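Heads up: the structure comes next, in structure tokens.
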Amino acid sequence: MYRGDWRSPVVQDLLRHAINDAESHGAHDAEAFASTSNESEVFIENNDIKQSKSQQLLSIGIRVLVNGSLGFYSTNILTRDSIRTAAFMAVKIARASPKDRFNSLPGKRKVHLLRGVYDRSSESFGSSDAAAAAAEMLEAAKSYDRRVTVDSGNFTAARGTQFLANSNGIELREKLSTFSWTIMGMAIQNGDVSSFDFQSGAAHFARKIAVQKTATEFAEAVTGSLGPRKIDSFRGEMLLTPSAADELIEEVISHSINSDAVQRRSSHFAGKIGKRVSTDLITVEDDATNTEGLGASSFDREGVAHRRNVVIEKGVLKKFLYNTYTARKEGVRTTGNSGGSTSSPPSVSTTNLIVKPGRSSFDSLVSEMKRGIIISRFSGNVNPVNGDFSGVVKGGRLVENGNVLYPVKEVMVAGNVFEALRNLNGVSKERKVIIDSILPYMRFDNISFTAG
Amino acid sequence: MIKDNLRASANSATRKPRVTGLIDDLLSLLSSSKGTSYCEARYHSRLMTEVIFVNGDLQRVRAVENAGCGIRVLVDGCWGFSSTSNMEPGALRESLAQATSSARVLAQVKKNKVKGLADSKMARGEFRLKASGNLRDIDIEQKIKITKEAEQAARKHSKLIKTASSTYRELLDYKAIVNSDGGEVEIHDSKPEFSVVAVAGKTSQTATAHEGVGITGGWNDLFASKSHLDYGVEAAKRAEKLFAARHAKGEKTTIILDPGMVGLLSHEAIGHTVEADFVLAGSIARDRIGEKVASEMVTLVDSGNSDNADSAAGTIMVDDEGVIADRTVIIENGTLRSFLHNRESAMIFGVPSTGNARAFHYNDEPLIRMRNTFFERGSETLYEMIKETSHGYLAKGARNGQADANGEFMFGAEEAFLIENGEIKEMLRGASISGNAFEVLKSIDMVGNSFKYDIGTGYCGKYQPAKVDGGGPHLRCTAVIGGLQ
């Protein structure tokens with residue numbers, strides 16, 4: 001019987017049992033991925049602390065191949081009996097599944113463990129510390145300006161270990177710690193309600209927790225968007241903050257460089273390797289070895305070493321992101337981008353999506369603008385397949401001849417992300433980490449703004 | 001605690017917790033609680049099985065077992081919630097201590113304390129939701145086979161169908177809930193769903209059709225009205241027709257909503273605005289109890305039972321605070337009567353809980369959520385409703401919807417039929433329907449005499465997913481029909 005003992009040897013032993021059990025039931029290949037974690041979370045609601053939540057999670061996902069057919073079973077009951085049933089069921093599901101000759105598991109290769117993703121002090125970071133951090137964030141936002149209203153927010157501290165083993169001899173484990181926080185709401189002054197704003201922060205180390213900074217950014221954004229004015233429709237420049245770029249650009253690029261989307265013919269980038277997809281101002285990479293982003297870790301969901309993958313270099317498309325399955329379909333090598341949790345078979349996913357810093361400062365990006373809008377947030381729809389976007393500008397500020405004039409309201413923005421990338425005319429040196437994206441300010445020309 | 005019921009047979013995945021022992025253990029856990037004004041332990045074990053085929057390929061197959069205990073306490077007017085998958089008595093006590101101590105710490109910085117929990121009808125005993133054809137007795141081979149065949153049937157139907165996908169998913173749940181206010185209940189639930197999506201045409205010009213069913217029930221209930229192949233063929237037929245259809249012209253006009261659209265209206269446009277936590281945050285329904293908010297023909301209900309028709313997907317019988325999840329009349333003959341409550345909000349409003357506290361997994365805390373939300377029947381036939389419409393549309397096939405706290409809503413209808421001089425003229429492509437919820441409610445002038453639940457394949461998202469349903473008769477109202485969606 002499992003007794004709440006999460007020491008690594010115990011879990012590693014269960015993984016070995018899972019693989020042996022699956023093989024004894026007839027699996028040709030077997031993989032076990034387990035994750036244990038301890039989480040403490042505090043919620044903020046309506047300018048007040050709401051409640052605390054803590055949990056201990058552990059679960060295992062068993063993937064098996066029988067003659068090229070896939071089976072998968074996941075459980076969070078980690079007894080020896082439960083593992084035996086799970087392995088049996090995974091094999092049973094595989095026997096009922098159609099064959100797919102591209103199914104395979106990666107072989108054993110060297111994995112160097114990253115530094116900078118686990119903070120030992122997280123082991124003593126308790127729910128009272130999480131409560132203090134949440135209270136500090138709330139207080140910082142409220143004391144910045146009385147007009148600030150915090151609708152909701154949270155602070156989460158998590159630490160845990162990921163384990164992976166397969167029948168090709170891979171046996172890996174890694175400890176990870178993360179601290180993350182969010183705050184959202186608006187400013188209210190005499191019945192005038194500002195745009196809604198949302199800010200977040202994240203770090204692997206407790207000493208890098210910066211709730212004050214995030215709260216101040218949030219408070220600045222909402223108070224800065226009070227007293228907005230209507231403007232006429234025009235065509236001009238759009239300067240996206242890192243948060244707005246995350247909402248408008250990030251998902252489209254992540255989708256388009258995903259080999260699964262490419263193979264399903266739902267990526268706009270299919271067939272465009274070596275072609276120009278943007279002006280030369282932008283270089284994009286996926287890099288799980290960058291420990292500033294929360295997506296950092298040493299190995300992927302299948303146990304392949306993470307690495308830095310340059311996907312767009314100076315505007316030219318260089319590569320797609322693969323896991324073992326999609327790589328085999330095209331006869332290429334995996335890029336270490338197998339993703340997913342213990343509760344599903346591996347998918348293809350980005351880790352940390354990073355846009356390299358540009359040459360301009362944020363101030364010079366603004367001062368060079370003839371007529372345009374700085375967009376802090378975007379609320380609307382983005383179609384990751386064809387790149388079309390349309391929505392409402394949130395926290396927008398009008399710029400004319402290099403001067404920031406005033407906040408704007410009821411402005412719609414619509415266009416196409418792929419077209420916009422060809423009109424990208426400025427990238428800032430300054431960047432912001434948004435959970436697992438690291439993005440600069442980005443300026444685009446020839447964007448259509450419509451008065452509402 | 002959890003005894004594996006392992007037989008080397010086909011269906012050995014199912015495990016039956018030693019039920020009575022579990023309730024006793026949870027009760028003894030509660031009795032060890034110190035310094036709490038309320039304490040609740042909810043064991044929830046779920047087995048989810050999912051099969052997805054896309055264009056002839058198995059895109060995903062998995063079974064996921066997720067079980068554990070969520071413990072919630074009220075200490076000094078502040079909630080603490082803690083969960084663990086380890087059901088050993090020591091681990092449970094540790095989890096309880098964790099919830100208690102963190103609530104106590106948080107209470108020191110919390111300004112608005114929880115005043116208490118409303119007295120409500122606590123459930124006791126064992127509840128088993130109705131199901132014909134136990135899903136555990138249907139082999140995984142069968143689930144994979146029908147999913148594959150339905151997807152194939154959609155693509156084989158016509159050369160115009162370029163893409164198709166099909167999904168089978170089931171949630172098998174067992175819960176044991178005890179609390180310090182006398183709740184002591186076990187619940188057995190089974191919720192399967194099956195759907196097919198067919199896309200006609202090539203990349204630039206396409207038309208998409210969905211055909212699916214999501215219920216509370218068993219295998220026989222799931223395929224009671226149609227076979228798995230029918231779902232594939234019907235999705236393909238509709239996609240093919242939609243491909244050839246024109247777009248609707250944008251206008252504010254008379255619209256007859258089918259039961260699925262009526263379900264979406266009940267859930268998105270009105271249901272959310274009467275969830276008491278949204279009411280307290282300032283939704284449009286605030287301070288309007290007793291007011292006339294709709295036409296006299298309108299009676300709107302949210303129920304934890306499957307009223308009027310069988311197998312509604314949002315059926316729970318008992319909520320996750322252990323409260324009997326009865327029928328709640330939200331609007332009675334046009335007058336707003338009730339909000340949807342958990343025990344905390346009910347206390348604030350001075351009423352009993354309506355049994356709307358729901359949690360998706362053991363490690364989620366209960367929130368105010370809807371169940372089956374529907375309009376009551378009227379007396380008109382659909383034929384009469386069409387006949388009495390000189391110009392308008394019949395909107396069918398509920399798609400995704402959005403609604404704001406101010407009652408503004410927009411949803412998609414998969415197909416619309418133009419009505420001229422009391423006759424259906426032409427099938428049109430999917431259109432969006434928008435308006436203000438309470439204005440649309442006031443404009444209702446004909447209510448149909450049939451009844452159907454039809455949004456059971458969807459999940460409602462509010463921090464956590466929830467399985468809900470909605471429906472009603474056909475309704476005739478005035479709203480804006482848009483062109484493209």
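One table, with the values for the structure above:
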item	result
Every pair of residues 6+ apart whose Cβ atoms lie under 7 Å, when the first sits in segment A:227-239 and is surrounded by 20 or more Cβ atoms within 10 Å (Cβ to Cβ) while the second is among the hydroxyl-bearing types (Ser, Thr, Tyr)	A:Leu239/A:Tyr441
Number of the exception - B:Ala466 against (1) of a type in the set (A, V, I, L, M); (2) within 25 Å of B:Glu50 (Cβ to Cβ); (3) at pLDDT 95 or above; (4) outside any strand (DSSP E or B)	(4)
Every pair of residues 6+ apart whose Cβ atoms lie under 7 Å, when the first sits in segment B:403-424 and is in the same structural domain as B:Val279 (by TED's automatic domain parsing) and over 19 Å from B:Phe243 (Cα atoms) while the second is part of a strand (DSSP E or B) and of a type in the set (Lys, Arg)	B:Phe411/B:Arg399; B:Ile419/B:Lys425
Boolean, A:Ser143 is at negative phi, without any contact (Cβ under 8 Å) to a residue 12 or more places away in the chain and part of a helix (DSSP H, G or I)	yes
Single match in A:Ser97, A:Ser74 (criterion: without any contact (Cβ under 8 Å) to a residue 60 or more places away in the chain and within 11 Å of chain B (Cβ to nearest Cβ))	A:Ser97
In segment A:133-144, the residues that are surrounded by fewer than 19 Cβ atoms within 10 Å (Cβ to Cβ) and either facing another protein chain (nearest Cβ under 8 Å) or in contact with a Gly (Cβ under 6 Å, 6 or more places away or on another chain) (or both)	none
Residue within segment B:134-147 that is of a type outside the set (S, T, N, Q) and more than 14 Å from every other protein chain (Cβ to nearest Cβ) present	yes
Strands (runs of 3 or more DSSP E) contained entirely in segment A:355-447, each with at least 1 residues that are of a type in the set (D, E, K, R), crowded, with 22+ Cβ neighbours inside 10 Å and in contact (Cβ under 8 Å) with a residue 24 or more places away in the chain	A:377-382, A:388-394
Subset of segment B:82-131 that is assigned to a loop (DSSP other than H, G, I, E, B) and among the basic types (Lys, Arg) - its residue that is farthest from the other protein chains (Cβ to nearest Cβ)	B:Lys130
Residue in segment A:268-281 that is farthest from the other protein chains (Cβ to nearest Cβ), counting only those that are of a type outside the set (A, V, I, L, M) and within 17 Å of A:Leu353 (Cα to Cα)	A:Ser278
Matching residues, segment B:329-345, being in a loop (DSSP other than H, G, I, E, B) and of a type in the set (A, V, I, L, M)	none
In segment B:210-254, the residues that are under 13 Å from B:Ala198 (Cβ atoms), crowded, with 17+ Cβ neighbours inside 10 Å, in contact with a strand residue (DSSP E or B) (Cβ under 7 Å, 6 or more places away or on another chain) and not aromatic (Phe, Trp, Tyr)	B:His210, B:Glu211, B:Gly212, B:Gly232, B:Glu234, B:Ala235, B:Ala236, B:Arg238, B:Ala239, B:Glu240, B:Leu242
Selected residue (criterion: farthest from A:Ala206 (Cα to Cα)) from residues of segment A:100-132 that are outside any helix (DSSP H, G or I) and at the interface with chain B (Cβ under 9 Å from one of its Cβ atoms)	A:Asp100
Single unsatisfied condition, A:Gly303 versus (1) crowded, with 18+ Cβ neighbours inside 10 Å; (2) within 14 Å of another protein chain (Cβ to nearest Cβ); (3) among the small types (Gly, Ala, Ser)	(2)
Of the criteria (1) part of a strand (DSSP E or B); (2) modelled with pLDDT of 90 or more, which one B:Asn400 fails	(2)
Options B:Thr373, B:Thr389, B:Thr381; residue that is at pLDDT 95 or above and surrounded by fewer than 16 Cβ atoms within 10 Å (Cβ to Cβ)	B:Thr381
Residues of segment B:153-164 satisfying the condition of being farther than 20 Å from A:Ser97 by Cβ and either part of a strand (DSSP E or B) or of a type outside the set (A, V, I, L, M) (or both)	B:Lys156, B:His157, B:Ser158, B:Lys159, B:Ile161, B:Lys162, B:Thr163
From B:Gly77, B:Gly90, residue being surrounded by fewer than 24 Cβ atoms within 10 Å (Cβ to Cβ), assigned by TED's automatic domain parsing to the domain that holds B:Asp181 and at pLDDT 95 or above	B:Gly77
Counted residues, segment B:279-316 - those being on the phi < 0 side of the Ramachandran plot and within 18 Å of the chain's Cα centre (by Cα)	15
Some residue of segment B:67-74 being in a strand (DSSP E or B), facing chain A (nearest Cβ under 8 Å), in contact (Cβ under 8 Å) with a residue 60 or more places away in the chain and touching a Gly at 6+ places or on another chain (Cβ under 6 Å)	no
Residue check for A:Arg307: under 26 Å from A:Ser344 (Cβ atoms) and over 19 Å from the mean Cα position of the chain (by Cα)	no
Hits in segment A:50-64 (condition: surrounded by fewer than 24 Cβ atoms within 10 Å (Cβ to Cβ) and either more than 9 Å from chain B (Cβ to nearest Cβ) or over 24 Å from the mean Cα position of the chain (by Cα) (or both))	A:Lys50, A:Gln51
Odd one out for B:Gly263, checked against (1) within 21 Å of B:Ala405 (Cβ to Cβ); (2) at pLDDT 95 or above; (3) over 24 Å from the mean Cα position of the chain (by Cα)	(3)
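Every residue, every condition in (1) in a strand (DSSP E or B); (2) touching a residue at least 60 places away in the same chain (Cβ under 8 Å); (3) among the polar types (S, T, N, Q), yes or no:
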{"site": "B:Ser166", "(1), (2), (3)": "yes, yes, yes"}
{"site": "B:Leu171", "(1), (2), (3)": "yes, yes, no"}
{"site": "B:Glu186", "(1), (2), (3)": "yes, yes, no"}
{"site": "B:Ala209", "(1), (2), (3)": "yes, yes, no"}
{"site": "B:Gly212", "(1), (2), (3)": "yes, yes, no"}
{"site": "B:Arg238", "(1), (2), (3)": "no, yes, no"}
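Residue by residue, here is whether (1) closer than 22 Å to A:Val277 by Cα; (2) in contact with a strand residue (DSSP E or B) (Cβ under 8 Å, 6 or more places away or on another chain) holds:
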| site | (1), (2) |
| --- | --- |
| A:Gly315 | yes, yes |
| A:Lys318 | yes, yes |
| A:Leu321 | yes, yes |
| A:Arg328 | no, no |
| A:Thr335 | yes, yes |
| A:Ser343 | no, yes |
| A:Pro346 | no, yes |
| A:Ser349 | yes, yes |
| A:Lys356 | yes, yes |
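Here's the yes/no breakdown for (1) touching a strand residue (DSSP E or B) at 6+ places or on another chain (Cβ under 8 Å); (2) surrounded by fewer than 22 Cβ atoms within 10 Å (Cβ to Cβ); (3) not charged (D, E, K, R):
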residue: A:Lys108; (1), (2), (3): no, yes, no
residue: A:His112; (1), (2), (3): yes, yes, yes
residue: A:Arg147; (1), (2), (3): yes, yes, no
residue: A:Arg173; (1), (2), (3): yes, yes, no
residue: A:Ile183; (1), (2), (3): yes, no, yes
residue: A:Gln189; (1), (2), (3): no, yes, yes
residue: A:Asp192; (1), (2), (3): no, yes, no
residue: A:Ser200; (1), (2), (3): yes, yes, yes
residue: A:Val211; (1), (2), (3): yes, no, yes
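The values are calculated or read from the model by the stated rules, or taken from the named source; none is laboratory data. Predicted model only: the values in this text are computed from it and were never measured. We place every Cβ from the backbone using ideal geometry, glycine too, and count neighbours over all the protein chains shown.
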